[in-house]
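Take a look at the structure below.
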């Protein structure tokens, strides 16, 4: 292997693989990135056997070759290099020489033959989505995925096709039992995922980092896996086998109480409340009345806070308890300046939406006030 590559180009490519490689695995090779120098450029591949990323980088290759190198180590080296041009040379003993200006590193590697091959992928359907829209779906749902892996069926995002007056749409839904997030977007093509398949948390984390810009994304569906592709990049991940609950059963019908608030104003209140509320089980009191919301919480050890802000209330006044962190994360996922809360009664699920935005909805379960 012998090639010259722009330092920023190499750095961007290595940055994309950092969230894919598995640093704590007993298999050392899974913490490595596979470098393949070939005619036309340098290909970087990273996998933990559950997710995989392949990226093609522009490079001037004078001698083809391949080698696996520790991904984090190489990334730190490249970011420290003094010259904008980097030379990568394969050396004896599975070592990689990294040269830039007067700096020269020799990094230990692993033979490419030891790197795990990606499994075969049988395409059962393909859809085209706008990259920015797919990123929005991930951002608006991933926060609600259960972090406890024993919660079978809740440790991933559910995907389904829904039919609307505007045509077929891809919907993603997640819940941890305390809140629920649903977002959808238009797509072209064929949706082909079993109802039992869930997108795992790690795949969602990687997707958020990879989906830049508004380029179209080709989403190919296979047996128990999904592959996303756009020019120069490919991301593959296995789906989880888990039965997602019937989320429609908890989506409330039109509530008797509807409140319209400024999203940033209520979010700022919740950030201040969070200073005093350290116990996740503690409910924060929200008293909605005509024209005003009063938020208050008392903590014997940390102090008290009471704050009011203007709201628009449709229906009778009511007092509700919410988990401040859960509600704050929901508001962080809402798009738009104004948000609506809809409830049937103080202990009913609260439906949260961005005003005038039908692409997403959220549900927060209220808490009993002591």
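Annotations for the structure displayed:
- Cα convex hull volume per residue for region 49-134 (Å³): 175 Å³
- When each of the peptides 96-109, 221-234 is scored by how many other beta carbons lie within 10 Å of its residues on average, the order from highest to lowest is 221-234, 96-109.
- Within region 125-181, all pairs of alpha-carbon atoms sorted by distance into 5 Å bins from zero give the percentages 4, 18, 24, 23, 16, 10, 4, 1.
- In whole percents, the pair-distance distribution calculated for region 108-256 from its alpha-carbon pairs, binned every 10 Å from zero, is 11, 39, 34, 13, 3, 1, 0.
- Per-residue extension of 0.36 nm, minus the Cα-Cα distance of residue 9 and residue 50, leaves a gain of 12.1 nm for this segment.
- Viscosity 1.002 mPa s, temperature 20 °C, Stokes-Einstein D of region 251-364 from Kirkwood C-alpha radius, µm²/s: 151 µm²/s
- Spatial separation of Cα centroids for region 1-32 and region 291-352, in angstrom: 44 Å
- Annotation: peptides 45-57, 329-341, 18-30, ranked by per-residue average of other Cβ atoms within 10 Å with the highest first, follow the order 45-57, 329-341, 18-30.
- Dividing the convex hull volume of the alpha carbon atoms of the chain by its residue count gives 170 Å³ per residue.
- Label zone (residue 264, point 7 Å along Cα-to-C-beta; backbone nitrogen cut-off 13 Å) within region 331-366: 336-338.
Here, each number is a calculation from the coordinates, and none is a lab measurement. What you see is a predicted model, and the numbers here were worked out from it, not measured in a lab. Every residue, glycine among them, receives a Cβ derived from its backbone with ideal geometry; neighbour counts consider all protein chains shown.
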